[in-house]
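> Have a look at this one.
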Ligand code: ADP
């Protein structure tokens with residue numbers, strides 16, 4: 001019937017509360033019984049104490065004198081309403097009672113002997129009378145100054161009304177205990193319901209989200225301002241993020257397909273055209289142009305495929321760096337040199353002052369770092385319009401001897417402040433008008449992280465972009481071959 005959190009609560013909390021309540025109820029029952037019985041006992045004892053005052057200095061040994069003195073006492077006894085008084089003679093027989101009713105002559109109160117033998121001359125008794133009635137009695141012997149027992153007075157109270165009062169009190173205590181337990185169970189179940197119900201609904205929603213139904217997150221109600229509320233928010237946010245990623249991934253696939261199709265179309269077109277030249281219908285200049293396009297587009301294709309492969313490697317943590325001591329400036333020089341011609345072709349100014357000084361080496365993977373330079377310079381050229389400027393600079397100062405910085409600034413379209421924090425994320429493209437898969441910066445950033453360096457971007461919309469690559473310089477003993485895997 002009960003399972004999950006409810007069952008756990010039943011076993012862990014409710015069982016403890018139940019035990020505590022039972023213990024309290026049992027203790028209270030004991031206390032009540034004790035208090036009631038003690039009150040009766042006290043009243044018997046105090047009545048008996050008065051007796052010693054009345055009979056103090058009693059000197060006669062005569063049984064009949066004792067009987068008449070005791071009669072006086074019984075007649076004047078002022079608590080007849082509360083208890084009965086019996087006069088017992090020296091042989092232990094009841095000779096008079098306050099009710100006037102004398103018990104069977106053979107009946108001797110059991111506690112008379114006990115009182116006689118006890119040092120203080122008294123005995124408390126509780127039990128059942130021959131009539132079956134519960135009673136309690138206190139017996140006090142009367143002695144002469146020389147120690148002879150002349151008789152005894154016995155005070156007796158019926159316990160029947162007291163016992164029924166104890167019973168009523170016990171019933172009330174048990175009822176209160178049960179009411180408390182019921183309240184605990186009801187409030188506990190309500191509280192648990194307030195936790196279990198939203199959690200159950202959340203887990204159903206999470207299952208729907210897992211199956212790709214992101215709109216299910218709209219049904220999440222933020223009812224409580226507590227941990228459950230936080231969980232609702234976290235799942236809603238997660239669904240939104242998943243939806244965005246899913247959307248970006250789909251865009252990515254269609255973009256990449258498009259990126260691959262464009263060079264393939266060019267290659268196919270020119271290959272078909274050149275096929276004709278074999279039959280002597282194509283002049284040399286057109287043939288060369290076609291060949292150039294085919295080579296350029298194949299290189300572009302290789303670049304795209306390489307980028308995708310790297311992305312796949314990084315995703316699965318298989319990217320391995322082959323580190324060595326390298327002259328980072330030389331690598332950068334070569335990359336800039338490679339792009340010079342393209343910049344001229346595109347009518348853009350690629351400015352770079354080659355560094356004459358010798359800078360300290362960097363410990364890293366030559367090919368991967370070239371890839372980063374290529375990506376940054378390619379972006380700078382790609383997002384800068386014709387006539388724009390791309391300026392590259394290497395910075396190393398004695399004030400900051402532990403790092404070498406490469407700064408690439410362009411006068412291109414720039415990145416809006418909303419897009420800037422996201423451009424390093426995988427699949428993120430701020431500028432949809434220009435081609436590209438949207439993973440170049442993500443890969444470059446991770447390669448820089450693997451080198452314990454950083455890739456920082458500053459940009460203003462319409463102003464241009466500055467990318468700063470920071471490398472830690474080589475430190476003695478850094479060679480211990482390091483292969484590092486990362487996940488984007
Ligand atoms: P893409 O393949 O789209 O260039 P990247 O990961 O290299 O992907 O870059 C992510 C996004 O960052 C780009 O879509 C572009 O919007 C923006 N971006 C990167 N570099 C520049 C730059 N130099 N100028 C303007 N925007 C840039």
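The values are calculated or read from the model by the stated rules, or taken from the named source; none is laboratory data. This one's a predicted model, so the numbers in the text were calculated from it and none came from an experiment. Because the Cβ atoms are built from the backbone with ideal geometry, glycine has one as well, and the counts that use them run over all protein chains shown.
> How many residues does the range 363-392 contain that are surrounded by fewer than 16 Cβ atoms within 10 Å (Cβ to Cβ) and more than 25 Å from residue 477 (Cα to Cα)?
Final tally of qualifying residues: 3.
> If you don't mind, another one. Across the range 399-408, what is the number of residues that are more than 9 Å from the ligand (Cβ to nearest atom) and either in a loop (DSSP other than H, G, I, E, B) or under 30 Å from residue 253 (Cα atoms) (or both)?
4
> Would you call residue 251 over 42 Å from the mean Cα position of the chain (by Cα) and either surrounded by 11 or more Cβ atoms within 10 Å (Cβ to Cβ) or over 30 Å from residue 436 (Cβ atoms) (or both)? Break it down stepwise before answering.
Details: over 42 Å from the mean Cα position of the chain (by Cα): no; either surrounded by 11 or more Cβ atoms within 10 Å (Cβ to Cβ) or over 30 Å from residue 436 (Cβ atoms) (or both): yes.
For residue 251, the condition - over 42 Å from the mean Cα position of the chain (by Cα) and either surrounded by 11 or more Cβ atoms within 10 Å (Cβ to Cβ) or over 30 Å from residue 436 (Cβ atoms) (or both) - is not met.
> Take residue 398 and decide whether it is surrounded by fewer than 14 Cβ atoms within 10 Å (Cβ to Cβ) and more than 44 Å from the chain's Cα centre (by Cα).
Against the criterion (surrounded by fewer than 14 Cβ atoms within 10 Å (Cβ to Cβ) and more than 44 Å from the chain's Cα centre (by Cα)), residue 398 qualifies.
> Okay, moving on. Taking the range 377-395 as the region of interest, how many residues are assigned to a loop (DSSP other than H, G, I, E, B) and either out of contact with any helix residue (DSSP H, G or I) (no Cβ under 8 Å at 6 or more places or on another chain) or within 9 Å of the ligand (Cβ to nearest atom) (or both)?
So the answer is 5.
> Of all residues in the range 123-142, count the ones that are free of Cβ contacts under 8 Å to residues at least 40 places away in the same chain and either in a strand (DSSP E or B) or loosely packed, with under 10 Cβ neighbours inside 10 Å (or both).
Pass one, the range 123-142, residues free of Cβ contacts under 8 Å to residues at least 40 places away in the same chain: 123, 125, 127-135, 141.
From what is left, the residues that are either in a strand (DSSP E or B) or loosely packed, with under 10 Cβ neighbours inside 10 Å (or both) are 123, 125, 127-128, 130-132, 134-135, 141.
The qualifying residues number 10.
> Same structure again: Under 9 Å between Cβ atoms, at least 6 apart or on separate chains: pull out the pairs that start in the range 184-203 with a residue that is free of Cβ contacts under 8 Å to residues at least 24 places away in the same chain and end on any residue that is outside any helix (DSSP H, G or I) and loosely packed, with under 12 Cβ neighbours inside 10 Å.
Listed pairs, sorted by first residue: 201/221.
> If residue 475 satisfies all but one of (1) surrounded by fewer than 17 Cβ atoms within 10 Å (Cβ to Cβ); (2) under 21 Å from residue 363 (Cα atoms); (3) within 12 Å of the ligand (Cβ to nearest atom), what's the number of the condition it fails?
Exception for residue 475: condition (3).
> Now for a separate question. With the range 1-90 as the region, which helices (runs of 4 or more DSSP H) entirely inside it contain at least 2 residues that are over 15 Å from residue 136 (Cα atoms), at pLDDT below 85 and touching a helix residue (DSSP H, G or I) at 6+ places or on another chain (Cβ under 8 Å)?
4-9, 15-54
> Which number in (1) closer than 12 Å to residue 467 by Cβ; (2) buried (at least 22 other Cβ atoms within 10 Å of the Cβ); (3) near the ligand (Cβ under 7 Å from one of its atoms) marks the one condition that residue 439 misses?
(1)
> Taking the range 409-432 as the region of interest, how many residues are near the ligand (Cβ under 8 Å from one of its atoms), over 34 Å from the mean Cα position of the chain (by Cα) and touching a residue at least 24 places away in the same chain (Cβ under 8 Å)?
The number of residues fulfilling the criteria is 7.
Rundown of residues vs (1) assigned to a strand (DSSP E or B); (2) near the ligand (Cβ under 10 Å from one of its atoms); (3) over 20 Å from residue 248 (Cβ atoms), yes/no style:
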position: 397; (1), (2), (3): no, no, yes
position: 434; (1), (2), (3): no, yes, no
position: 448; (1), (2), (3): no, no, yes
position: 466; (1), (2), (3): yes, yes, yes
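> Residues in the range 353-362: is at least one buried (at least 20 other Cβ atoms within 10 Å of the Cβ) and under 49 Å from the mean Cα position of the chain (by Cα)?
Filtering the range 353-362 for residues buried (at least 20 other Cβ atoms within 10 Å of the Cβ) gives 362.
So of that shortlist, the ones also under 49 Å from the mean Cα position of the chain (by Cα) come out as 362.
The answer is yes; a qualifying residue exists.
> Also, I was wondering about something else. Hey, can you tell me all the residues within the range 450-464 that are more than 7 Å from the ligand (Cβ to nearest atom), in contact with a helix residue (DSSP H, G or I) (Cβ under 8 Å, 6 or more places away or on another chain) and over 15 Å from residue 375 (Cα atoms)?
Within the range 450-464, 450, 451 qualify.
> In addition: If residue 214 satisfies all but one of (1) loosely packed, with under 14 Cβ neighbours inside 10 Å; (2) within 19 Å of residue 241 (Cβ to Cβ); (3) at pLDDT below 90, what's the number of the condition it fails?
Residue 214 satisfies all of (1) loosely packed, with under 14 Cβ neighbours inside 10 Å; (2) within 19 Å of residue 241 (Cβ to Cβ); (3) at pLDDT below 90 except (1).
> I need the full set of residues from the range 217-244 which are modelled with pLDDT under 85 and either within 21 Å of residue 422 (Cα to Cα) or crowded, with 17+ Cβ neighbours inside 10 Å (or both), in order please.
Listed by number, the residues that qualify are 217, 220.
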